[in-house]
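Here is the structure we will look at, set down as structure tokens.
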């Protein structure tokens, strides 16, 4: 009889999950810590998985180099950067001056530039939201954003009579009362959802493994 | 008994009660045809988007974010994998099958595994190709930068972003918007939820993210766990109200 799901993978996953959960609440009395050992194994496997992921990334972009429909320029740049960085760090070591230079002068400025683009994207998205979803909640969202932004602006520290004080106290109230209450409510929902997802995996109802 | 022991006991108690409720609701759900779930527009729109993608021969993109499988944000990733499985089953018959991206090596492997399993289940195992599950970058912005060309160049008609994201998610939703695509997004991160509320067409707020499986008919355990969440939420609300009233009474 062919089973509907891989029983061996499910058994390993459920057993590992139960062991980690059990020893989270009841720390082991003996010398051998099952929970720490399993988590160490998971960390090692994750590192190997990263290497597999990088190989997958390289194979996808190699395929794009040969694909007539795709733009091969970006894939070429990615592959060259990948090979050069990999060789540099392999030969010189991850904490070497060269490795740090690649990170500080190539990776970091590019990511910072993308973060700068993000500010423009968000301002544009807020304006677009007013057109796409013109509801009371949208107005409330934009109003709250403006109050908090103005509370951090030079207007709030300019010692203008009444205005500065009003902006600072309004911003503090929004951040500490309604925003905090809402955030706690959402976090409670997220926590319950996290437990539900974990339990479904422990019960083998969700099996994101083994095909 | 110290505070840490009390918290531990409460944790065990909560897990056991949750487990009991899930089992109870799973038994009650057996044989029930209607699910009686409140309407969440985002999931209705997702079903529509899947249908349109299949008809038009376009591709759906599922982004699982940059969460891992061992950290605190893994639950959001697992929900994303569950939704990916459902989407792959439905959209595998499309001329252009769905493509999934992630920012963690282990998640990328699970992505491919989930998709391969879904293809096999619908008898389309030979259509599966490993390139449909991709790792695009391991830092927040490199992940986003790797996703952008996929949405722009690979005939993607809609993007489902379910998992752990940071503020970089705005770059992804911006590209979806520019390519006139559909976007549904949910995450466990509070700052990213605020960003998605402004930038995604169909944002999922709070626990709506974890309801995906129940709404996409991933099985009665998903509906059962959703009902268990509801019961516990009301218990927590009651505890908070009683605690507040107790403090108020003590003040007099």
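The values are calculated or read from the model by the stated rules, or taken from the named source; none is laboratory data. Quantities reported herein were computed from a predicted structural model and do not represent experimental measurements. Positions of Cβ are backbone-derived with ideal geometry, glycine not excepted, and every protein chain shown enters the neighbour counts.
Results, tabulated for the structure shown:
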quantity: Boolean, residue B:236 is in a helix (DSSP H, G or I), under 30 Å from residue A:109 (Cα atoms) and modelled with pLDDT under 95; calculated: no
quantity: Residues located in segment B:8-37, provided they are assigned to a helix (DSSP H, G or I) and at pLDDT below 85; calculated: B:8
quantity: Which numbered condition residue A:69 misses (of (1) more than 27 Å from the chain's Cα centre (by Cα); (2) modelled with pLDDT of 90 or more; (3) under 22 Å from residue B:176 (Cα atoms)); calculated: (2)
quantity: Qualifying positions in segment B:167-203 - farther than 19 Å from residue A:193 by Cα, under 17 Å from the mean Cα position of the chain (by Cα) and surrounded by fewer than 23 Cβ atoms within 10 Å (Cβ to Cβ); calculated: B:182, B:197, B:201, B:202
quantity: Tally of residues being at the interface with chain A (Cβ under 9 Å from one of its Cβ atoms) and either surrounded by 16 or more Cβ atoms within 10 Å (Cβ to Cβ) or within 18 Å of residue B:163 (Cα to Cα) (or both) across segment B:122-144; calculated: 11
quantity: Tally of residues being more than 10 Å from every other protein chain (Cβ to nearest Cβ), surrounded by 13 or more Cβ atoms within 10 Å (Cβ to Cβ) and under 20 Å from residue B:149 (Cα atoms) across segment A:76-127; calculated: 4
quantity: Residue B:212 on the phi > 0 side of the Ramachandran plot and modelled with pLDDT under 95; calculated: no
quantity: Residue that is nearest to the chain's Cα centre (by Cα), among those in segment B:149-166 that are surrounded by fewer than 19 Cβ atoms within 10 Å (Cβ to Cβ) and touching a residue at least 24 places away in the same chain (Cβ under 8 Å); calculated: B:166
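Table: residues versus (1) touching a helix residue (DSSP H, G or I) at 6+ places or on another chain (Cβ under 7 Å); (2) surrounded by fewer than 16 Cβ atoms within 10 Å (Cβ to Cβ); (3) at pLDDT 85 or above; (4) within 14 Å of chain B (Cβ to nearest Cβ).
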position	(1), (2), (3), (4)
A:158	yes, yes, no, no
A:162	no, yes, no, no
A:189	yes, no, yes, yes
A:193	yes, no, yes, yes
A:205	yes, no, yes, yes
A:211	yes, no, no, yes
